[in-house]
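Worksheet: one structure, shown below.
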Amino acid sequence: MNGADQLCRDLESRFGHAVHRSPCLGQCDRGSAALITRAGSDPERFVLAPVSADEVAKALSAGTVPTVPRVGASANGAGAKIVRRMNVADATSLASYRQHGGYQALAKAIEIGAAAVIAEVSAARLLGRGGAAFPTGRKWDAVAREPARPHYVVCNADESEPGTFKDRVLMEQDPFAVIEAITIGGLATGAERGFIYIRGEYPESERAIAGAIQQARAAGLLGVDVSGTGQAFDIEIRRGGGAYICGEETALFNSIEGKRGEPRSKPPFPAQFGLFGKPTVVNNVETLVNVLDILIDGGDAWSKTGTAGSAGTRLFCLSGHVVTPGLYEIECGQTLRHAIGVAGGIPNGRALQAVLLGGAAGTFVGPDALDMPLSFEGARAANATLGSGVIMVFDETADLMDTLARIAQFFRDESCGQCVPCRVGTVRQAELLQGRDPGSGIRDPGSGIRDPGSAHHSAR
Amino acid sequence: MSHDEISFHLPPPAALIPAPPAVAAPVMVPLTIDGRAVEVPAGATLIDACKTLDIDVPTLCYLETLTPVNACRVCVVEVEGARVLAPACSRAVEAGMVVKTRSPRVDLSRKLVLELLGSSVDLSTAPGLSGMMHEYGARPDRFQEVLGSPSSVSSVAQPVKIDNHLYVRDYGKCVLCYKCVEACGTDAQNTFAIAVAGRGFAAHISTELDVPLPDSACVYCGNCIAVCPTGALMATPEFELRQAGQWRPETQAVTDTICPYCGVGCTLTVHVQDQQIVKVTSPFDNAVTRGNLCVKGRFGFEYVNRTQSD
């Protein structure tokens, strides 16, 4: 939508085969985007967005890493909680993070103890923000009770669902919050080692998190004795290799273990048999960051925001045909209409055609769903999903069949290949969609395309 | 320092043969399958439980001697209260489970798996699959009917890999069940000559860096051939006879014997056609070898077929 085709043509005419088209770089708030590798004995990787062919050429020849314009976390209003430090605190400085309330939650966690931390998280009714909406307190409690040792904490920062960019913005603009939250998770569940698995297309996030870990170690907030508690906890970074499937938690474990990134059969669940076969807490970045405010506010007080079934606020990734694409923190239960309005509405007075909720693996809804509350229960009632918080807006000019064909191609490319319904089914879906005449509908809409879909739903 | 004569005495013979240590009785787990109550030991899988009731669950990537990978999804069953269908081959039983092995959802899922495989893989030498296709009403051709030409339906068709004298690899027949990888790896041979490479539809079984077999870690035990459910891996004599249209299993005499090569004494099942040994297999239910052989047992029969004048 944002001129990516033109950018690719410009780049190809300049650099030839060195240009590789990517289905997603996690930059939907500021496309078109380019992930650049400056080769050499010490290769450097960085993302530029939005970018032109001229800027790519300049970045490739420059001696330093080009600065990336900070976008996102815009127009959050007075209710901003998760994003309150963004564009306010210096994301590269531990001192600045502390000045803006950082590491108070860890102090509180140490003061009240592991069991009370889990009790607060449970009382807050925090549900996972990665897409599956599993109660975080129950996950932590299950791991804490497992007698097998060691325990692990894994932060899933693979964020590979197209349309999602919330965790990238969190990591780039508030990396200490991510580190503090993982540390609390480790102390609460009896883990001494944590891993953060960062999406391969996020070099800026990796730099920010690596810098934060280094400073936290130097300050005694990570290491053999965390903040004088006598408890050890440290975090290692693992970088993804560009596989969508590695955002699935058990495929992610396999990837960290050095194995092929394929999901494992569940049960057994990660709380019993996770990373290296040990009890493991695995949480999404946004989920973990919520824990900080839960401890500071108290679980009960925190759960007063949002709805009965969906406590708290959520980060929504607004992109597509909205005036100001970006990351918006919105209280659970506000309507879809409100969210689109916060992003400035649809430009040029055009009418809404559809919204893709929850990412490529999510659901399309029409204009009739505008009053749907953005809560887990609201989405479920509308047979939709909030997934990872994607709200991709398509106005009346968009070719939805083309979008559907692109999504099918994406899943065809990203299937890990382990199971038949997905390995072959995604190929048949893509073929059925790509073989059609422009402007026409799906061939054989009755069975050809829907049957593999139903088998996918039955398989995982 | 003492200068006592060093002597050795046998221990006195035991008056009684010591009893083996007591094995705790297994904890039995009750569940219901197709309306019938059954109790199986904890840790058993749904397919184990189905077997005790003589309920037939179709499988493709499953084998008793290998760790289940639940990749083919033919064995899926419906577990009451679960969001998704469960692969019977790997799902452990839980007390109170209510399982349906046939339902519209199960049948649709099985039919689709068979259609997806049938439309992308050459299943002509896969025993039992045509019966399964018929039972579930699978029509692999229907994709071609919708898409128009055969070339618009992607398949894994490719030339047969013939790079050694003992067996061929026809990956146009591969359903990617992972059995060969498991047999080559920790489930049997621990040779690790092959693994799954690539992803999605391009996922395939590969030697390291896709080198020919003679350059790989392969030790030609042929245990991968034994577990292959589709004939993608085939010993050369069988492959050549099939090519010549002379493979006639119905005329073959099948005889169990003991491997003559070493003291392990593996059971060999010798398949003889026209007075020639054409294939050697080994029974999977043998408690010691579980169907595995080595290169000598599986391939070292040529000398029997030779006369002195050869």
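The values are calculated or read from the model by the stated rules, or taken from the named source; none is laboratory data. Values in this document were obtained by computation on a predicted structure and should not be read as measured data. Glycine gets a Cβ as well: all are built from the backbone with ideal geometry, and neighbour counts include every protein chain shown.
Listed values, structure above:
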{"read-out": "So A:Arg337, is it assigned to a helix (DSSP H, G or I) and modelled with pLDDT of 95 or more", "value": "yes"}
{"read-out": "Hits in region A:415-425 (condition: facing another protein chain (nearest Cβ under 7 Å) and either under 18 Å from A:Ala251 (Cα atoms) or under 25 Å from the mean Cα position of the chain (by Cα) (or both))", "value": "A:Ser415, A:Cys416, A:Gly417, A:Gln418, A:Cys419, A:Val420, A:Pro421, A:Arg423"}
{"read-out": "Selection within region A:97-117 - touching a residue at least 40 places away in the same chain (Cβ under 8 Å), within 21 Å of A:Lys81 (Cα to Cα) and outside any loop (DSSP other than H, G, I, E, B)", "value": "A:Tyr97, A:Gln104, A:Ala105, A:Leu106, A:Ala107, A:Lys108, A:Ala109, A:Val117"}
{"read-out": "Among residues of region B:71-119, those that are in a helix (DSSP H, G or I), crowded, with 24+ Cβ neighbours inside 10 Å and facing another protein chain (nearest Cβ under 7 Å), counted", "value": "5"}
{"read-out": "Residue ID - nearest to the other protein chains (Cβ to nearest Cβ), chosen from residues in region A:375-388 that are assigned to a helix (DSSP H, G or I) and free of Cβ contacts under 8 Å to residues at least 24 places away in the same chain", "value": "A:Arg380"}
{"read-out": "Considering residues of region B:166-213 that are touching a helix residue (DSSP H, G or I) at 6+ places or on another chain (Cβ under 6 Å) and over 24 Å from B:Val74 (Cβ atoms) only, the residue farthest from the other protein chains (Cβ to nearest Cβ)", "value": "B:Leu166"}
{"read-out": "Qualifying positions in region B:260-305 - touching a helix residue (DSSP H, G or I) at 6+ places or on another chain (Cβ under 6 Å) and either in contact (Cβ under 8 Å) with a residue 60 or more places away in the chain or not in a strand (DSSP E or B) (or both)", "value": "B:Tyr261, B:Cys266, B:Gly291, B:Asn292"}
{"read-out": "Of all residues in region B:284-310 being touching a Ser or Thr at 6+ places or on another chain (Cβ under 6 Å) and surrounded by fewer than 20 Cβ atoms within 10 Å (Cβ to Cβ), the one that is farthest from B:Asn190 (Cα to Cα)", "value": "B:Asn286"}
{"read-out": "Candidates A:Ile330, A:Ile340, filtered to the one that is buried (at least 16 other Cβ atoms within 10 Å of the Cβ), farther than 24 Å from A:Ser303 by Cβ and outside the structural domain of A:Glu286 (by TED's automatic domain parsing)", "value": "A:Ile340"}
{"read-out": "A:Thr324 being more than 28 Å from A:Ile245 (Cα to Cα) and under 22 Å from the mean Cα position of the chain (by Cα)", "value": "yes"}
{"read-out": "From A:Gly309, A:Gly298, residue being closer than 20 Å to A:Ser122 by Cα, surrounded by fewer than 19 Cβ atoms within 10 Å (Cβ to Cβ) and modelled with pLDDT under 95", "value": "A:Gly309"}
{"read-out": "Exclusive hit being out of contact with any Gly (no Cβ under 6 Å at 6 or more places or on another chain), touching a residue at least 60 places away in the same chain (Cβ under 8 Å) and not assigned by TED's automatic domain parsing to the domain that holds B:Arg36, set B:Glu182, B:Glu115, B:Glu145", "value": "B:Glu182"}
{"read-out": "Residue check, A:Ile391 part of a helix (DSSP H, G or I), buried (at least 18 other Cβ atoms within 10 Å of the Cβ) and more than 14 Å from chain B (Cβ to nearest Cβ)", "value": "no"}
{"read-out": "Matching option when the condition is at negative phi, away from every other protein chain (no Cβ under 13 Å) and within 19 Å of the chain's Cα centre (by Cα), among B:Leu53, B:Leu46, B:Leu63, B:Leu31", "value": "B:Leu63"}
{"read-out": "Identity of the residue in region A:266-302, in contact with a strand residue (DSSP E or B) (Cβ under 7 Å, 6 or more places away or on another chain) and among the polar types (S, T, N, Q), that ends up nearest to A:Glu161 (Cα to Cα)", "value": "A:Asn284"}
{"read-out": "Number of positions in region B:133-155 that are among the polar types (S, T, N, Q), over 29 Å from the mean Cα position of the chain (by Cα) and more than 8 Å from chain A (Cβ to nearest Cβ)", "value": "3"}
{"read-out": "Those residues of region A:221-242 which are of a type in the set (Gly, Ala, Ser) and either buried (at least 18 other Cβ atoms within 10 Å of the Cβ) or free of Cβ contacts under 8 Å to residues at least 12 places away in the same chain (or both), in sequence order", "value": "A:Gly223, A:Ser227, A:Gly228, A:Gly230, A:Gly240"}
{"read-out": "Residue match in region A:90-99 (condition: hydrophobic (A, V, I, L, M, F, W, C) and buried (at least 17 other Cβ atoms within 10 Å of the Cβ))", "value": "yes"}
{"read-out": "Set A:Pro268, A:Pro263: member being of a type outside the set (Lys, Arg), within 14 Å of chain B (Cβ to nearest Cβ) and within 22 Å of the chain's Cα centre (by Cα)", "value": "A:Pro263"}
{"read-out": "B:Thr257 vs. criteria exposed (fewer than 15 other Cβ atoms within 10 Å of the Cβ), over 20 Å from B:Leu166 (Cα atoms) and within 22 Å of the chain's Cα centre (by Cα)", "value": "yes"}
{"read-out": "Qualifying positions in region A:181-200 - in a helix (DSSP H, G or I) and within 18 Å of the chain's Cα centre (by Cα)", "value": "A:Ala181, A:Ile182"}
{"read-out": "From the options A:Val178, A:Val169, residue that is under 17 Å from the mean Cα position of the chain (by Cα), within 26 Å of A:Gly241 (Cβ to Cβ), modelled with pLDDT under 95 and not aromatic (Phe, Trp, Tyr)", "value": "A:Val169"}
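Yes/no per residue for (1) out of contact with any strand residue (DSSP E or B) (no Cβ under 9 Å at 6 or more places or on another chain); (2) more than 17 Å from A:Asp167 (Cα to Cα); (3) not assigned by TED's automatic domain parsing to the domain that holds A:Gln27:
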{"position": "A:Pro203", "(1), (2), (3)": "no, no, yes"}
{"position": "A:Arg217", "(1), (2), (3)": "no, yes, yes"}
{"position": "A:Gly223", "(1), (2), (3)": "no, yes, yes"}
{"position": "A:Gly240", "(1), (2), (3)": "no, no, yes"}
{"position": "A:Gly258", "(1), (2), (3)": "yes, yes, yes"}
{"position": "A:Glu262", "(1), (2), (3)": "no, yes, yes"}
